[in-house]
1. Filter the stretch A:118-133 down to the residues that are assigned to a loop (DSSP other than H, G, I, E, B) and hydroxyl-bearing (Ser, Thr, Tyr) and list them by number.
2. Taking only the stretch B:32-72 into account, find how many residues are among the hydroxyl-bearing types (Ser, Thr, Tyr), under 19 Å from B:Leu167 (Cα atoms) and surrounded by fewer than 24 Cβ atoms within 10 Å (Cβ to Cβ).
3. Between residues in the stretch A:136-149 that are without any contact (Cβ under 8 Å) to a residue 40 or more places away in the chain and residues that are basic (Lys, Arg) and assigned to a loop (DSSP other than H, G, I, E, B), which pairs lie under 7 Å by C-beta distance while being six or more apart or on different chains?
4. Quick check on this structure: which one of A:Leu44, A:Leu56 is within 13 Å of chain B (Cβ to nearest Cβ) and crowded, with 21+ Cβ neighbours inside 10 Å?
5. Please go through the stretch A:163-183 and give me each residue that is of a type outside the set (A, V, I, L, M, F, W, C) and in contact (Cβ under 8 Å) with a residue 24 or more places away in the chain, ordered by number.
6. Yes or no: the stretch A:134-144 includes at least one residue that is in contact with a strand residue (DSSP E or B) (Cβ under 6 Å, 6 or more places away or on another chain), surrounded by 19 or more Cβ atoms within 10 Å (Cβ to Cβ) and either away from chain B (no Cβ under 11 Å) or part of a helix (DSSP H, G or I) (or both).
7. In the set A:Gly89, A:Gly39, which member is modelled with pLDDT of 90 or more, at positive phi, small (Gly, Ala, Ser) and crowded, with 21+ Cβ neighbours inside 10 Å?
8. Against the definition (surrounded by fewer than 15 Cβ atoms within 10 Å (Cβ to Cβ) and modelled with pLDDT of 90 or more), how does B:Phe19 come out, yes or no?
Amino acid sequence: MTHPTSTIASELLLDVRSVSLAFKGVKAISDLSFSVERGEICALIGPNGAGKSSLLNILNGVYLADSGEIVFAGEHFHRIEPLEAARRGIARTFQNNALFKKMSVIDNILAGLARHTASSFLAQGLRLPSARREEARLREQAEDILAFLDLQPHRHVVVGTLPYGVQKRVELARALVGRPTLLLLDEPLAGMNAGEKAEMSGFIAAINRHLGVTVVLIEHDVGIVMNLAGHIVVLDYGRKIGDGTPAQVRASPDVIAAYLGTRH
Amino acid sequence: MPRRARAGLAIPLLLLLAFVGVPLVGTEYWIGAILLPFLVLSLAGLGLNLLTGYAGQTSIGSGGFMAVGAFATFGFVVHGGVPLPLALLLAGLAAAGAGLVFGLPSDRIKGFYLMVSSLAAQFFFEWLFQKFPWFYNYGSSGTIALPRIAVFGLDVGSTLGRYYLTLTIVAGLTWFAANLMRSQTGRSFMAVRDMDTAAAVIGIPVYRAKLLAFAVSSFYLGIAGALWAFAYLGSASVQSFGISRSFQILFIIIIGGMGSIAGNFIGAAFISLLPLAIDHVAQALFAGHVDAGLLQNIEKAVFGVLIIWFLIKEPDGLARLFQTIGARLANWLRP
């Protein structure tokens, strides 16, 4: 895995501009703008229902924003299809694992390389040398990720039978194997014990540092977020109420109000 | 992987048995009336399994696509003067095209509703090949039969010849399918089956995978239909590919195992051999004492009960059951 680590400082990778989304009249996100620099870890925090997952869904095309636009790597989008987002290097994991449950760990990860596969189904079915070479190359890449995330012992296990924490790591591996530029993680630490959380946040930091992947993540464990992320965006009822470094956000009265509750 | 290693030895042995052993010891009846239909049904099961078991797209239109294969083969030979092997290939492609067209709704329709929409294929082709006499060359009975079954000038019209023709095609297509399902195409199919939203998010072209599944599946069904008509039956009509044929193919993959290559052969063996076995037992026990028509119905009921019993015992099909038994045996034999 070679990837250029931090390119030019303060280059914008992602710019969310005045995005709004409503479900049948109920505002999920209102006029939200923030930007993410290439190479950083940006955390989205906020109470349940603040619109965090909806925002991730807009970023990779699962939802269509009602208004606003997304600028990713210099290109402007009002709408992006999930497939197109994947092709452009936006990968993601889901809050409730979205793995291919009847497939093995290695097959799940290999499936993440579909868009890097060039050989035709005829070449694959006939086992032509070109297809076999490609398959060997894909397996090598998958093995790299398997080793990186310490998943080798589970290689041939059907994912549906694995513990939840390991499944989360498999999903991360599947998102990562296609070498994304931007990785969206929806509550990667949810449902984990303290040990697993520490391990997982270690992996996320390593992905960011060693593979040079920009990360946008949603997480409720504020303690971990403050250590992991260099940039925090706070949402409440679909609006941005805080944006800055962990220290700035921690000091913001609006954020304190939203989290602890005050009389307005 | 130990499983791969075991299979590596089992398959050449099976092929040796099928190509050399069977013709040495098999009678005309066994080869022509039992093994031939078993092989063709296995191939049809494989075709449907690629679509339903691997790609998760349900269909009860298999009979329709088999009919396309049979009637197209006949058309290419009789109207086009195309030699048989090429006609078979072209007929498979025609069936694949038909499958592709009837797969178009899969972009919007899923699961049970897709299954119902696949009925359209079944009824459309039944109607088509009955309505226009051109398809059966204006014969009075509406049946199709090839004047001569020859491959590269070699007459393979004998029982053994038709057996070898079928066996070669089935072995080749099974090899292709097994390769395909172990490669990226297979993984894309299964990803679409297990969770299509996630498949799109990680960069799998979901709709394209579905359409490919429909096309490849129908190619297999088309070839199976042609073999059913000309290698097994000799002459066929639309009735040979009715809705009950579609259900038969569906039962094969449900009983044998969804998403399993070997399961199609196990399921086809079960479906074609078990009724014979029940018949033998019933005839031995009750012949003469019970009305023949009643006996036949009782046999069907017993067959149905056995299917239910097997599915309760192992919902994932016989292929999985055999795997479990094999694993237990291996455990038990280990010192």
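1. Of everything in the stretch A:118-133, those that are assigned to a loop (DSSP other than H, G, I, E, B) and hydroxyl-bearing (Ser, Thr, Tyr) turn out to be A:Ser119, A:Ser120.
2. 0
3. none
4. Among A:Leu44, A:Leu56, only A:Leu56 is within 13 Å of chain B (Cβ to nearest Cβ) and crowded, with 21+ Cβ neighbours inside 10 Å.
5. Listed by number, the residues that qualify are A:Tyr164, A:Gly165, A:Gln167, A:Lys168, A:Arg169, A:Glu171, A:Arg174, A:Gly178, A:Arg179, A:Pro180, A:Thr181.
6. Of the stretch A:134-144, the ones in contact with a strand residue (DSSP E or B) (Cβ under 6 Å, 6 or more places away or on another chain) are none.
So far as the stretch A:134-144 goes, no, none of its residues is in contact with a strand residue (DSSP E or B) (Cβ under 6 Å, 6 or more places away or on another chain), surrounded by 19 or more Cβ atoms within 10 Å (Cβ to Cβ) and either away from chain B (no Cβ under 11 Å) or part of a helix (DSSP H, G or I) (or both).
7. A:Gly39
8. Details: surrounded by fewer than 15 Cβ atoms within 10 Å (Cβ to Cβ): yes; modelled with pLDDT of 90 or more: yes.
Yes, satisfied.
The values are calculated or read from the model by the stated rules, or taken from the named source; none is laboratory data. As the structure is a computational prediction, the values presented were derived from the model and not from experiment. Quick reminder, even Gly has a Cβ in these numbers, built from the backbone with ideal geometry, and neighbours come from all protein chains shown.
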